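*Asks:* Take this structure, written in structure tokens, and hold onto it; I'll ask about it next.
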Amino acid sequence: MISTPSAVLEDGHRELVEAFESFVRRELVPLAAELPETADLPPADLRSYVRKRSAALGFYAGDYPEELGGSGMPFTAVVLLHHAAGRSGCSLAPYALAGSDGPSPLLRHGTPEQIEKYLVPLVRGTSARCLALTEPQAGSDAFRLTTTAVRDGDGWLISGRKTFVSNADRADLALVVTATDLGAGPSAGATAFVLPMDTPGLRIGQRYEGMSGEPMFELLLERVRVPMDAVIGGAEGVGAATALAMDSLSRGRLVVAAMCNGVAEYALRLGVEYARERQAFGERIGSYQHVQEHLVRSRAEVEAAKLLTLACARLVDEGTEAPENAALAKLTSSETAVRVVDRSLQVHGATGWVRGHPLEFLYRYVRMMTIIEGTSEVQKVIVARAMGLG
């Protein structure tokens, strides 16, 4: 496609992004080509290989310090890499960058022993984790917790049920957020624990199949006994999970926004290419104003979402991690991606609807982006409160 306004903000990390795109073309595209057309989710061993290979090249968890196995890159560069993964159209590219199975900002607050034992392998791509936060009666209100941790001698007893846990079937460890009775309500007393998946009493329950093929699971905790040092952050981490988790949400939401922008750009490219080639009634369909309306409006919205996300990422690098910034970017980018994919599918007609076509998968894939990391409605509440409206 022709040059875009957002390219002005991308130049600062152009060589890094081009190196990542070269890796995707050279190594991941050939691997993805061998997957069945109807497969939504690559096999677990292939995803693991991609994760480790990308970590070895310095892409996977690039914003983590070099001493932990990262590359020490600024957050803006991380956002640009996620954008590049989304726009590549390669089904393996998203797994080359840290997501819900990779290092968690929660563990940045861990003790030195926890960082060495758990965070370093995650950064290097040699282990994977899951986050057990959501409960059956608490979705958007994630910290209305019924899973409890009770002091038991020199340790804790954890009991409860978590749901919609991604990666539980291939995780080496789980980050489990529980209520702890500190006299100020369950949310105020939330505590995060790190548990190896083979911990006695911790087991996987029901499996759910998502629209885009990504499975999610229940985690059942039946009087799971853990030592004191399982609390993330040690003694200071008791009751501190809410603040630690909220502090990490901004970056996660900006990463989702970046991936949405990339997917939207890819979908737009598919729509433009098809409109240039497909003929109807003796004309290329791109010459019809209704088709132009779909594609031009999509381009305008994609560029606006990209610029907003990049601006917010730069603010993070400058020390400003305002929750409302990330909420606004995630809201804008996720809703934009849904609309752009829908319009591009409309331009393709039945061709894009057929199982196996990239747009058919993207149509299902982007819908979850308005839900994960906080629904669109939650993002609006955050922004509204920042505006003094609630």
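*Asks:* Return one whole number: the accessible area per residue of the chain in Å², for a 1.4 Å probe.
*Replies:* I get 46 Å² per residue for the chain.
*Asks:* Right, next: Using Cα-Cα distances under 8 Å and only pairs 6 or more residues apart, what relative contact order does segment 147-276 have, in percent?
*Replies:* 26
*Asks:* Using the alpha-carbon atoms, what tilt in degrees (0 to 90, nearest 10) does helix 241-277 show relative to the longest principal axis of the chain?
*Replies:* 20
*Asks:* In addition: Lys/Arg Cβ at +1, Asp/Glu Cβ at -1, dipole of the chain taken about the Cα centre: which of 65, 153, 168 is farthest positive-ward?
*Replies:* It is 168.
*Asks:* Starting from the amide H of residue 278, placed 1.01 Å from N in the peptide plane, find each other amide H under 5 Å away whose residue is 5 or more places distant or on another chain.
*Replies:* Close amide H contacts, sequence-distant or interchain: 285.
*Asks:* OK, next. Residue by residue through segment 364-374, what is 3J(HN,Hα) from phi via Karplus (6.51 cos²θ - 1.76 cosθ + 1.60, θ = phi - 60°)? Round to whole Hz and write x for glycine and proline.
*Replies:* Running phi through 6.51 cos²θ - 1.76 cosθ + 1.60 with θ = phi - 60° gives 7, 5, 6, 4, 6, 5, 7, 10, 5, 6, x Hz.
*Asks:* May I ask you to order 75-82, 348-355 by the average number of other C-beta atoms within 10 Å around their residues, highest value first?
*Replies:* Ranking the peptides 75-82, 348-355 by packing returns 75-82, 348-355.
*Asks:* Using 10 Å bins from zero, what percent of all Cα-Cα pairs in the chain falls into each bin?
*Replies:* Over the chain, the share of Cα pairs per 10 Å bin runs 5, 22, 32, 25, 11, 4, 1, 0, 0 percent.
*Asks:* Compute the helix-to-body angle for 376-386: its Cα long axis versus the longest principal axis of the chain, expressed 0 to 90° and rounded to tens.
*Replies:* Long axis of 376-386 versus the principal axis of the chain: about 70 degrees.
*Asks:* Grab the Cα-Cα distance for residue 355 and residue 11, subtract it from 0.36 nm times how many residues apart they are, and report the gain in nm with one decimal.
*Replies:* Extra length from residue 355 to residue 11 when fully extended: 120.1 nm.
*Asks:* Starting from the residue with the highest accessible area, list 288, 60 in decreasing order, probe 1.4 Å. Spell out each step's value before the answer.
*Replies:* Values: 288 80, 60 10 Å².
Correct descending sequence by accessible area is 288, 60.
*Asks:* What percentage of the solvent-accessible surface of the chain, computed with a 1.4 Å probe over protein heavy atoms, is contributed by carbon and sulfur atoms?
*Replies:* Solvent-exposed carbon and sulfur of the chain make up 55 percent of the total.
*Asks:* List the lysines whose Cα lies under 18 Å from the Cα of residue 117, skipping any in the same chain that are fewer than 8 positions away.
*Replies:* Straight-distance partners of residue 117: 52.
*Asks:* Projecting each Cα onto the charge dipole of segment 225-317 (Lys/Arg +1, Asp/Glu -1 at the beta carbon, about the Cα centre), which of 267, 316, 288 comes out farthest on the positive side?
*Replies:* Toward the positive end, the furthest listed residue is 288.
*Asks:* Return one number: the angle in degrees, 0 to 90 and rounded to the nearest 10, between the long axis of the Cα atoms of helix 289-317 and the longest principal axis of the Cα atoms of the chain.
*Replies:* 40
*Asks:* Between residue 240 and residues 5 or more places away or on another chain, which pairs have amide H atoms under 5 Å apart, with H built 1.01 Å from N, and which residues are they?
*Replies:* 192
*Asks:* Here is a follow-up. What are the ³J(HN,Hα) values, in whole Hz, obtained from phi via the Karplus relation 6.51 cos²θ - 1.76 cosθ + 1.60 with θ = phi - 60°, for each residue of segment 173-180 in sequence order, with x given for Gly and Pro?
*Replies:* Here the 3J(HN,Hα) series is 8, 10, 9, 10, 9, 10, 8, 10 Hz.
The values are calculated or read from the model by the stated rules, or taken from the named source; none is laboratory data. Keep in mind the model is a prediction, meaning the values are calculated, not measured. In this analysis, Cβ positions are derived from the backbone assuming ideal geometry, glycine residues included, and neighbour counts consider all displayed protein chains. Please note that ligands, DNA and RNA were not included when accessible areas were found on the heavy atoms of the full protein model with its side chains. Shrake-Rupley method; radii C 1.70, N 1.55, O 1.52, S 1.80 Å.
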